[in-house]
1. Relative to the Cα centre, what is the charge dipole magnitude of segment 2-248, using +1 at the beta carbon of each Lys and Arg, -1 at the beta carbon of each Asp and Glu, and rounding to the nearest 20 debye?
2. To make sure I understand, if each residue's beta carbon is the centre and we count other beta carbons within 10 Å, what order do C147, C235 fall in, fewest to most?
3. At a threshold of 8 angstrom on Cα-Cα distance, excluding pairs fewer than six apart, so keeping six or more, what relative contact order does the chain reach in percent?
4. Three principal axis extents, largest first, for the C-alpha atoms of segment 57-184, in Å?
5. Out of L126, L93, L113, any idea which swings most in a Gaussian network model of the chain, alpha carbons joined below 10 Å?
6. Please order F51, F13, F18, F28 by the number of other Cβ within 10 Å, starting at the fewest.
7. Distance between the C-alpha centers of segment 158-215 and segment 1-44? Whole Å please.
8. For the chain, what is the Kirkwood estimate of the hydrodynamic radius, computed as the reciprocal of the mean inverse distance between distinct Cα atoms, to one decimal in Å?
Amino acid sequence: MWVRSTMAYRLSFAMTTFGNFAATFFDFVAIMLMFSRVDALGGWSLPEVAFLYGLSATSFGLADLLIGSMERLGRRVRDGTLDALLVRPVPVLAQVAADQFALRRLGRVTQGLLVLGWAVSRLDVLWTLPKLLLLPVIVVSGCGIFCAVFVAGAAFQFLAQDASEVQNAFTYGGTTLLQYPPSVFAKELVRGVTFLLPLAFVNWLPAAYVLGRPYPLGLPHWVAFASPLVAVGACALAGVAWRAGLRSYRSAGS
């Protein structure tokens, strides 16, 4: 329904999609301006940082497209409109994810893919078959991890109600964090996004294998291939949190 509504005004859709593309592209412009003054950032070259950026932006863009509307859950809990979703014969999670589905978010995905393609073409890397096959796995796994963060953040809003900005700190803030090499951050932060909130598995760890870089925190090499398992585990835990939050919901009484 939302896609049909959007495509009823095709020029408006094209303009908003381009606006989404342009707004997110300025993030990479800032990185390019930074490299106009330095040759390396934390020991990483521009194509290597662009590789991190492309993986993070594409994975997050797909998650934002599929399930980004979860951030509106707090508003529904607060005004009681979530009750209308509970009486429909469709999973509440699917309804909330599809609420005001914004196809214009394809602009972010497109921008991430373009930067990723440019980075791949500029990297001085020997592209073996395992590395080529790992690229789509990284993107899909990263999307799954970000989806888990979206769902877990939405579950938290059952308690906090108006906590969308807290959720955004881990979703939008997380993808911004991953656009830069781990070597520029404190080890405590790198540990946190590796062992507590496993965002490092979105791109830092698998990218270290592809680029032949030292692994953050001296982790073993097999962790580069653990992203799918981490994504499945994160989604399972987010599902448990969602069910617990949904059971705790007691309506607004409106």
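1. The calculation lands at about 400 debye.
2. Numbers: C147 25, C235 17.
By the 10 Å Cβ count, ascending: C235, C147.
3. Dividing the mean separation by the residue count of the chain yields 28 percent.
4. 55, 33, 24
5. L126
6. Values: F51 25, F13 17, F18 13, F28 20.
Sorted ascending by nearby Cβ count, the order is F18, F13, F28, F51.
7. For segment 158-215 versus segment 1-44, the Cα centre distance is 20 Å.
8. 19.2 Å
No value in this document is a laboratory result; all are computed from the given coordinates. This is a predicted model, so every value here is computed, not measured. When we count neighbours, we look across all protein chains shown, and the Cβ atoms used for this are built from the backbone with ideal geometry, even at glycine.
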